[in-house]
1. Could you say whether any residue in region 13-30 is in contact with a helix residue (DSSP H, G or I) (Cβ under 8 Å, 6 or more places away or on another chain), over 21 Å from residue 85 (Cα atoms), at pLDDT 90 or above and surrounded by 10 or more Cβ atoms within 10 Å (Cβ to Cβ)?
2. Residues in region 50-57: is at least one assigned to a helix (DSSP H, G or I), touching a strand residue (DSSP E or B) at 6+ places or on another chain (Cβ under 6 Å) and either loosely packed, with under 14 Cβ neighbours inside 10 Å or modelled with pLDDT of 60 or more (or both)?
3. Could you count how many residues in region 82-102 are exposed (fewer than 13 other Cβ atoms within 10 Å of the Cβ) and either part of a loop (DSSP other than H, G, I, E, B) or outside the structural domain of residue 46 (by TED's automatic domain parsing) (or both)?
4. For residues that are within 19 Å of residue 99 (Cβ to Cβ) and touching a helix residue (DSSP H, G or I) at 6+ places or on another chain (Cβ under 8 Å), tally how many sit in region 41-67.
5. Within region 66-80, track down each residue that is touching a residue at least 24 places away in the same chain (Cβ under 8 Å) and surrounded by 13 or more Cβ atoms within 10 Å (Cβ to Cβ).
């Protein structure tokens, strides 16, 4: 009985985790992995083909979560903050970014 109860609790925790945040110890909010996010395909990404080496997708990220440290560097996203909106996917001329469900 105890094992089925703990399994039911784990399923409930997983389902609620997809909501974005949960309350941690002391009432603080913990950031959880989003249900979808942008991933960069490093084999397809060639920043040198973008204008002045600046990734076109980083310029349109409305949340400023897709970042490029310097021109000609491959951009990176923070999977814990990415909203999965798809703006970067539409902006990338090389189709090197895709939205994946977690």
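1. No, that holds for no residue.
2. yes
3. Residues meeting the conditions: 3.
4. 10
5. Our first condition is that a residue be touching a residue at least 24 places away in the same chain (Cβ under 8 Å); within region 66-80, this holds for 66, 71-77, 79-80.
Of everything in region 66-80, those that are touching a residue at least 24 places away in the same chain (Cβ under 8 Å) and surrounded by 13 or more Cβ atoms within 10 Å (Cβ to Cβ) turn out to be 66, 71, 72, 73, 74, 75, 76, 77, 79.
The values are calculated or read from the model by the stated rules, or taken from the named source; none is laboratory data. This structure is a prediction, so every number in the text was calculated from the model and none was measured. Please note: Cβ atoms are built from the backbone with ideal geometry, for glycine as well, and neighbour counts cover all protein chains shown.
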